[in-house]
Amino acid sequence: MGRIAYVNGRFVPHGQAVVHIEDRGYQLADAVYEVWALFGGRLADAQGHFARLERSLGELRIAMPMSRAALTLLLKETVRRNRVVEGLIYLQVSRGVARRDHAFPATPVRPAVVMTVSAVDRVASEARAAKGVGVVTTPENRWGRCDIKTVGLLANALAKQKAREAGAAEAWFVDDLGLVTEGASSNAWIVDGEGRLRTRDTNANILRGVTRTSLIEVIRREGLDLDERPFTPAEATAAREAFITGAGTLVLPVVAVDGKPVGDGRPGPVATKLRRLYIEQARATAI
Ligand code: PDD
């Protein structure tokens, strides 16, 4: 059975799913999105992603297209129709379709809603996590509202391409002070020389990762030390361990930064354990 997409009230074969050429998401990146990991066909960290969706929409003054409950039913129905058990679901909400004009349409239009589902090979993901991945650094060149999860991802796409061409899995943006902000599609972490977990605080111009927030619950429960403070790439290579978090990567060990090994160049025990504990929690609380 082929993939099915949800587009503005209809389920359609993926290959025939289209949006209007004057959708403001398409022309102006006037749209927000969320990505949920799917475990056992259920949505991981569901409420965290809904809360951020509502916040992103609110910042752009786009109405929630429907209630959380209705959205949940639709997301789950889209997953069901795709028969995906382990994977990801993508939701995009744009301001809607209107004649091209930078300012908002004078008469409000209906937000446009799109959902797509993709399968993830968890065996392959675990094998990747067991090996760890490399990251490259790149100058931070994004706008000042990275806390809003918009589809304006050109800088992120270019950074990710730079990583791919270097044989790395992720790019870390580095600000004018030489500090890592976050990854192109993940949050960045290290385990420092004292064994403390370090990740940038969310007052900075970064996305408040839902996986990051859920992992902090795990970290607190385990009684580990957490320091919400940024770090430099040099601190990352001098650290015991490094890793990234996100709905796509979960908790993924980083073993090299710009080709320089982190720790002994292999996934460390803390990241490996946190990956397992995060996945257990996400599976157990998925809806
Ligand atoms: N990316 N930072 C950025 C820039 C991101 O795009 C993402 C997620 C994260 C992690 O957020 P979360 O833990 O809520 O997934 C951090 C998604 C997965 C994507 O763009 O596909």
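The values are calculated or read from the model by the stated rules, or taken from the named source; none is laboratory data. What you are looking at is a predicted structure, and each value in this text was computed from that prediction instead of being measured. Don't worry about glycine lacking a Cβ; one is built from the backbone with ideal geometry, like all the others, and counts go over all protein chains shown.
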| request: Go through the residues of the range 180-201 one by one and say whether even a single one is within 12 Å of the ligand (Cβ to nearest atom), closer than 24 Å to ARG276 by Cβ and among the aromatic types (Phe, Trp, Tyr). | output: yes
| task | Name the residue, out of THR237, THR232, that is farther than 30 Å from ALA284 by Cβ, in contact (Cβ under 8 Å) with a residue 40 or more places away in the chain, away from the ligand (no atom under 16 Å from the Cβ) and polar (S, T, N, Q). | result | THR232
| request: Could you look through the range 152-169, keep only residues that are more than 17 Å from the chain's Cα centre (by Cα) and hydrophobic (A, V, I, L, M, F, W, C), and pick out the one that is nearest to the ligand (Cβ to nearest atom)? | output: ALA168
| field | Selection count, the range 170-196, where residues are within 20 Å of the chain's Cα centre (by Cα) and assigned to a strand (DSSP E or B) | value | 13
| Quick check: is even one residue across the range 137-144 among the acidic types (Asp, Glu) and either assigned by TED's automatic domain parsing to the domain that holds MET64 or in contact with a strand residue (DSSP E or B) (Cβ under 8 Å, 6 or more places away or on another chain) (or both)? | yes
| Out of the residues in the range 203-226 that are without any contact (Cβ under 8 Å) to a residue 40 or more places away in the chain and within 13 Å of the ligand (Cβ to nearest atom), which is surrounded by the most Cβ atoms within 10 Å (Cβ to Cβ)? | GLY209
| message | Quick test of your reading of the structure: SER56 fulfils all but one of (1) in contact (Cβ under 8 Å) with a residue 40 or more places away in the chain; (2) over 17 Å from the mean Cα position of the chain (by Cα); (3) farther than 12 Å from LEU91 by Cα. Name the failing condition by number. | response | (2)
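Listed here are the residues, each with its yes/no results for (1) among the aromatic types (Phe, Trp, Tyr); (2) under 24 Å from ALA119 (Cβ atoms); (3) not assigned by TED's automatic domain parsing to the domain that holds ARG99.
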position	(1), (2), (3)
PRO13	no, yes, no
ALA17	no, yes, no
TYR26	yes, no, no
ALA31	no, no, no
VAL35	no, yes, no
HIS49	no, yes, no
LEU53	no, yes, no
PRO65	no, no, no
| remark: Residue hits (the range 69-99; in contact with an Asp or Glu (Cβ under 8 Å, 6 or more places away or on another chain) and under 22 Å from GLY209 (Cα atoms)) are GLU86, TYR90, LEU91, SER94
| remark: Of the candidates SER118, SER67, the one satisfying the condition of being more than 16 Å from the chain's Cα centre (by Cα) and at negative phi is SER67
| said: Consider the range 28-57. How many of its residues are within 12 Å of the ligand (Cβ to nearest atom) and farther than 18 Å from SER214 by Cα? | reply: 3
| query | With respect to the numbered conditions (1) under 30 Å from GLU280 (Cβ atoms); (2) touching a strand residue (DSSP E or B) at 6+ places or on another chain (Cβ under 7 Å); (3) aromatic (Phe, Trp, Tyr), which one is the sole condition not fulfilled by PHE11? | reply | (1)
| message | Please determine whether any residue of the range 56-72 is of a type in the set (Asp, Glu) and in a loop (DSSP other than H, G, I, E, B). | response | no
